[in-house]
Amino acid sequence: MSTRREGGYTLVEMLASLVIVGFAAAMLVSGLVTGRRVWEHADSANAFGETISGAQMLLREKIERAYPATRYDKIPTYADFFGAENSVTFLAPPRDIHAPQALMRYTLGLAANGDLVLSDLSDVAIDPKAPGEPLVLLRNVQQLDIAYYGVIPPDKAPAWHDSWQYRAVLPLLMRIRVQFPADDPRGWPELLIRPFAMVDTMCVLTAMTGKCRGRQ
């Protein structure tokens, strides 16, 4: 007498199938969670990069167009530009939202709360000492370092300096470094900017030689 297996699954086969399906589902969920975290990390990194890139683009645009107006309140005269180790003040054309407008006096500095701020004030404002309108470029900044490259007498060769004040011309280059807290994933590529306008406020041109009077 022959035996014939009835159609269908045994209990062991059903349990084995459920275990396999469970493993597959767990692997699928794990893959989705990992993929989501990767994308979230990439989006966060892109957002940081875009913010830093935007701040650098704005600073480059303004400092490249810095205007070396001559000031006569001291002797000898000097270019209207005040650079310190952690701040800089200069004249430049206004932002588009303020145009048409007179030159704006911009100040880049680090606020007490860690904001990297570029403030501006019209150079023909009624109160020249009034606080400027702040534009927050970055938040949670730990340190701002600015250096200036150029010649400061009696030196004859250009070098990097921590300050640039009461000089006849603007610096040849500016270097801006920003540091974030140790646990901050953002990074600031070193920013080098060359002001386009160079005016020697102490130069008295001699027509016959085409050189400044008293200079070789």
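The values are calculated or read from the model by the stated rules, or taken from the named source; none is laboratory data. In this text, all values refer to a predicted model and were calculated from it rather than measured experimentally. Cβ coordinates were reconstructed from backbone atoms using ideal geometry, including for glycine residues, and neighbour counts include every protein chain displayed.
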Which numbered condition LYS62 misses (of (1) at pLDDT 90 or above; (2) of a type in the set (Lys, Arg); (3) in a loop (DSSP other than H, G, I, E, B)): (3)
Being within 29 Å of ASP115 (Cα to Cα), assigned to a loop (DSSP other than H, G, I, E, B) and β-branched (Val, Ile, Thr) is the filter here, so list the residues in segment 140-157 that pass it. VAL141
Top-ranked residue in segment 82-110 [being modelled with pLDDT of 95 or more and either part of a loop (DSSP other than H, G, I, E, B) or among the small types (Gly, Ala, Ser) (or both); ranked as farthest from HIS161 (Cα to Cα)]: GLY109
(1) out of contact with any helix residue (DSSP H, G or I) (no Cβ under 7 Å at 6 or more places or on another chain); (2) within 20 Å of ILE63 (Cα to Cα): which one isn't true of ILE176, the others all being true? (1)
Is it fair to say TRP164 is modelled with pLDDT of 95 or more, surrounded by 15 or more Cβ atoms within 10 Å (Cβ to Cβ), touching a Phe, Trp or Tyr at 6+ places or on another chain (Cβ under 8 Å) and not hydroxyl-bearing (Ser, Thr, Tyr)? yes
